Amino acid sequence: MSQLFGRNARDRPLSSEDVQDICTAALTDLPLDGKRVLVLIPDHTRHAPIALFFRVLCAHLLPRVRALDYMVATGTHAAMEPERLYRHVGLTASEHRQDYARVHFFNHEHAKLDELVSLGTLGADEVTLLTQGLFAQDIPVTINRKATLYDHILVVSPVVPHEAMGFAGGNKYFFPGIAGLDLVEKFHWLAAVITNPVINGVKDTPTRKVIDRAVRFLQVPRTCFAFTVDARHQLACLFAGAPEEAWSKAADSSAELHIKYLDKPKKRVLGLTPPIYEEVWVAGKAMYKLEPVVADGGELVIHGPHVKAVSFVHGKDIARIGYHVRDYFVKQWDRFADEPKLILAHSTNVKGVGAFEGGVERPRVTVTLATAIPRLECEAINLAHRDVGAIDIARWREDEDTLVVEEAGQVLYRLREQARS
């Protein structure tokens, strides 16, 4: 086991000085002098003090390394435009030119196939072992070509419960962060088959095993700065070291910080999504994190006037397929076998658990959009609609059968009896 630096901030949030001390301790003895270093960072859809990490890492590394570049691990999200990327890292364009001219910024763009390189193939026998027999097929492992051109890769990784991985972060910044679609599609669909309520907030998952194995194909040393943030977006922990070990410690912190238990389900849940969720592709996290506490036959409302689109990248595919429960796809596989598995996974995770019998789909709960997306568009993709302007949030809070959740999508809600089982 490699050396691990960092700590949980149980008495107070970590300060910028704490971050600097932990980063310095982790980096000082790494053989980075004269080397080319790539830093992977999340995009703007994650709660993370990226500007702080940018300043700290640059201060320590620019005097030492030959090259220091940053790549946004977009996964299958849209690329960040320059002005938004500058805000994300706490820079202006003029500061970049004057003080950080050596630093280059890149977006991972999964659809640009000429920017990908094959690292190898996960064989069907190994996949069978990793997924406990759920999947038994070869999985090509592809990654952004730039990742192979550096001497060391650093990962700046927030950690929260996640619908496909159990907990986000760590090696997820390689797969799907900067990967091609082959592995991404397969592990998202694998998680969807297991179902979000079963996998979300669990550390030891088949999907985590797959990506931890896949990253071993990449022969570039890796160091991860894994952290959690509290409800005020302050750092609650930071661990630096090998990605698997740093992520594991941060996931333990996330389990304490980001999982909340209720004694009984609610008939209606209103998830107030944060402004960083501008599309259902990410605002769907409200459903992922709140589904377990919605009563059978209840309603989950994804609320956000800032949610303006279903998906900036995948909108056409979702419009064609719509949102459906898992068995709607599985029991009509001849119809959906050739559809993108990433879209099917997103679809069923947003729609939630349910049944499909005799040609009739019966979701366990109703998922409603109260966003800037018009009623007809919501109904066309098989989701309910409410006028976002007509929802009186204060009155909903007063209803004992309603749960109103701020910044829905960050904290996972479960029933206490689920924790005991």
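Each value in this text was obtained by applying a stated rule to the coordinates, not by laboratory testing. What you are looking at is a predicted structure, and each value in this text was computed from that prediction instead of being measured. Cβ placement follows ideal geometry from the backbone for every residue including glycine, while neighbour counts extend to all protein chains displayed.
Between VAL19, VAL220, PRO176, whose Cα lies farthest towards the positive end of the dipole of the chain when Lys and Arg beta carbons carry +1 and Asp and Glu beta carbons carry -1, centred on the Cα centre?
The residue sitting most towards the positive pole is VAL19.
For the stretch 5-257, build the charge dipole from Cβ charges (+1 Lys, Arg; -1 Asp, Glu) around the Cα centre, then report which of VAL39, CYS237, GLN132 sits farthest towards its positive end.
The residue sitting most towards the positive pole is VAL39.
Determine the percent antiparallel among the DSSP beta bridges restricted to the chain, to the nearest 5.
Working: 23 of 66 bridges.
Looking only at bridges with both residues in the chain, the antiparallel portion is about 35 percent.
Over the stretch 242-373, one equal point on each Cα, no solvent: what is log10 I(q)/I(0) by the Debye formula at q = 0.13 Å⁻¹?
Log10 I(q)/I(0), no solvent term: -0.64.
LYS308 versus GLN98, label points 7 Å from Cα toward the beta carbon: distance in nm?
3.1
I need two numbers for the stretch 323-371: Rg to one decimal and Dmax as a whole number, Cα atoms only, in Å.
Both quantities, over Cα of the stretch 323-371: 10.9, 34 Å.
I'm a student and want to see the number: the projected area of the Cα convex hull of the stretch 169-241, averaged over all directions, in nm².
Over all viewing directions, the stretch 169-241 projects a mean Cα-hull area of 5.9 nm².
Distance check, please: which entries in LYS35/LYS249; LYS203/LYS351; LYS289/LYS351; LYS203/LYS260 exceed 19 angstrom between their Cα atoms? Intermediate results must be reported in sequence, preceding the final value.
Working: LYS35/LYS249 28 Å; LYS203/LYS351 24 Å; LYS289/LYS351 13 Å; LYS203/LYS260 16 Å.
Long pairs (Cα-Cα over 19 Å): LYS35/LYS249; LYS203/LYS351.
Over what distance in Å are the Cα centres of the stretch 302-348 and the stretch 57-99 separated?
33
Rounded to whole Hz and in sequence order, give me ³J(HN,Hα) for the stretch 346-355 from the Karplus expression 6.51 cos²θ - 1.76 cosθ + 1.60, θ = phi - 60°, writing x for Gly and Pro.
So the Karplus estimates, Gly and Pro as x, are 4, 4, 6, 5, 6, 6, x, 5, x, 10 Hz.
Peptides 48-56, 330-338, 165-173, 378-386: what's the order by average Cβ count within 10 Å, highest mean first? Walk me through the numbers on the way to the answer.
Values: 48-56: 20.3, 330-338: 11.4, 165-173: 26.4, 378-386: 17.3.
The densest-packed peptide leads the list: 165-173, 48-56, 378-386, 330-338.
Calculate, in nm to one decimal, what THR24 and GLN332 gain on full extension: separation in residues at 0.36 nm each, minus their alpha carbon distance. All intermediate terms of the calculation are to be shown ahead of the outcome.
Details: separation 308, 0.36 × 308 = 110.88 nm, distance 5.42 nm.
Answer, rounded to one decimal: 105.5 nm.
Given Cβ point charges of +1 (Lys, Arg) and -1 (Asp, Glu) and nothing else, what value in debye, to the nearest 20, does the dipole of the chain about its Cα centre take?
Values: 50 positive and 53 negative charges, 59 e Å.
Dipole of the chain, to the nearest 20 debye: 280 debye.
Which three extents, in angstrom, do the Cα atoms of the chain have along their principal axes, listed largest first?
That works out to 64, 49, 43 Å along the principal axes.
Please list, or write none, the aspartates and glutamates whose alpha carbon is within less than 14 Å of the alpha carbon of LYS146, excluding same-chain residues fewer than 8 places away.
Filter leaves ASP69, GLU109, ASP114, GLU115.
When a/c reaches 1.5 or more, the comparison of a/b and b/c decides; with that in mind, is the stretch 102-210 rounded, prolate or oblate per its Cα gyration tensor? Let's see the in-between values first.
Values: a/c = 2.19, a/b = 1.40, b/c = 1.57.
Verdict is oblate for the stretch 102-210.
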